[in-house]
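Down below is the structure, laid out as structure tokens.
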Amino acid sequence: MADTQYTCLSTPRLVLRRFRESDFSAFCRYRSDPRVARYQDWTDFSEEDGVRFLAEQAKLHPDVEGAWFQMAIECGETGELVGDCALKAIDGQPGQVEIGFTLASEHQGKGYGTESVSRLLDYVFGELGKHRVTAVTDARNAPAARLLERVGMRREGHFLQNIWFKGSWGDEYLYALLEQEWSELRSSSKP
């Protein structure tokens, strides 16, 4: 069921919030970076793509079946847009969501991905009350796989040449996490 009350989620360093028009330039810049797009389903990201994206996202809420809801990841200290993360409620499976994330190349390796995905998982399992979360990544994207494992997700599958991706067959990893596993991870990490 759509979370029409969503405004933002916070971590010690980050704010996960709705996109704003003021994000346009930074968003288009990192989305059009070939290093960022390498493992994503887009190749080029134009200003027209950015306009369309912001217009579509303005109409959405988290937890709408079949729709990706993107959250801007903002550095709390500077207000700078560092990337985005997303969730998509699975059609016909109300207890399940898929998640994803994208970070601007200059903000990778600083722990922002781990921090934002952990907060996203808290939200999905807590406020949204979901049972299971999945994530899919290109098998060559070692940093994304490490991040998913770092937050406690387990690799459930390695799909061999299952996707035609940017001109060749590619492999993907499927990661998953249950609410009970997340709850146990969170309990064990508290002092």
Inset, instruction - Give just the number: which of (1) of a type outside the set (D, E, K, R); (2) out of contact with any helix residue (DSSP H, G or I) (no Cβ under 7 Å at 6 or more places or on another chain); (3) farther than 19 Å from Thr137 by Cβ does Gln40 not satisfy? - result: (3)
Inset, instruction - Take the range 70-86 and flag every residue that is free of Cβ contacts under 8 Å to residues at least 40 places away in the same chain and at negative phi. - result: Thr78, Ala86
Inset, instruction - Taking the options Phe69, Phe19, name whichever one is in a strand (DSSP E or B), over 19 Å from Pro143 (Cα atoms) and among the aromatic types (Phe, Trp, Tyr). - result: Phe69
Inset, instruction - Could you tell me whether any residue of the range 75-89 is surrounded by 16 or more Cβ atoms within 10 Å (Cβ to Cβ) and in a loop (DSSP other than H, G, I, E, B)? - result: no
Legend entry - Condition met for Ala139 (touching a residue at least 60 places away in the same chain (Cβ under 8 Å) and hydrophobic (A, V, I, L, M, F, W, C)): no
Inset, instruction - Name the residue, out of Tyr112, Tyr173, Tyr123, that is surrounded by 14 or more Cβ atoms within 10 Å (Cβ to Cβ) and closer than 25 Å to Ala2 by Cβ. - result: Tyr123
Inset, instruction - Check off (1) closer than 30 Å to Gly95 by Cβ; (2) among the charged types (D, E, K, R); (3) part of a loop (DSSP other than H, G, I, E, B) for Asp44 and give me the number that stays unchecked. - result: (1)
Legend entry - Considering residues of the range 1-22 that are over 15 Å from the mean Cα position of the chain (by Cα) and hydrophobic (A, V, I, L, M, F, W, C) only, the residue surrounded by the most Cβ atoms within 10 Å (Cβ to Cβ): Ala2
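Do we find a residue being under 14 Å from the mean Cα position of the chain (by Cα) and under 25 Å from Pro62 (Cβ atoms) anywhere in the range 151-161?
yes
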Inset, instruction - Name, by its number, the condition in (1) among the polar types (S, T, N, Q); (2) at pLDDT 90 or above; (3) more than 17 Å from Glu106 (Cα to Cα) that does not hold for Ser46. - result: (2)
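Scan the range 168-191 for residues that are among the hydroxyl-bearing types (Ser, Thr, Tyr) and at pLDDT below 95 and jot them down. Quick ask: steps written out before the conclusion?
Step one: filter the range 168-191 for residues among the hydroxyl-bearing types (Ser, Thr, Tyr), giving 168, 173, 175, 183, 187-189.
Ser168, Ser187, Ser188, Ser189 - these are the residues of the range 168-191 that are among the hydroxyl-bearing types (Ser, Thr, Tyr) and at pLDDT below 95.
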Legend entry - Test set (1) of a type in the set (Val, Ile, Thr); (2) modelled with pLDDT under 95; (3) more than 24 Å from Trp42 (Cβ to Cβ) - Ile163 fails condition number: (3)
Inset, instruction - Output yes when any residue across the range 23-37 is farther than 27 Å from Tyr175 by Cα, in contact with a Ser or Thr (Cβ under 8 Å, 6 or more places away or on another chain) and either surrounded by 13 or more Cβ atoms within 10 Å (Cβ to Cβ) or among the aromatic types (Phe, Trp, Tyr) (or both), and no when none is. - result: yes
Legend entry - Matching residues, the range 41-60, being surrounded by 15 or more Cβ atoms within 10 Å (Cβ to Cβ), in contact (Cβ under 8 Å) with a residue 24 or more places away in the chain and of a type outside the set (Gly, Ala, Ser): Phe53, Leu54, Gln57
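The values are calculated or read from the model by the stated rules, or taken from the named source; none is laboratory data. Treat the numbers as computed from the prediction; the structure is a model and nothing was measured. Because the Cβ atoms are built from the backbone with ideal geometry, glycine has one as well, and the counts that use them run over all protein chains shown.
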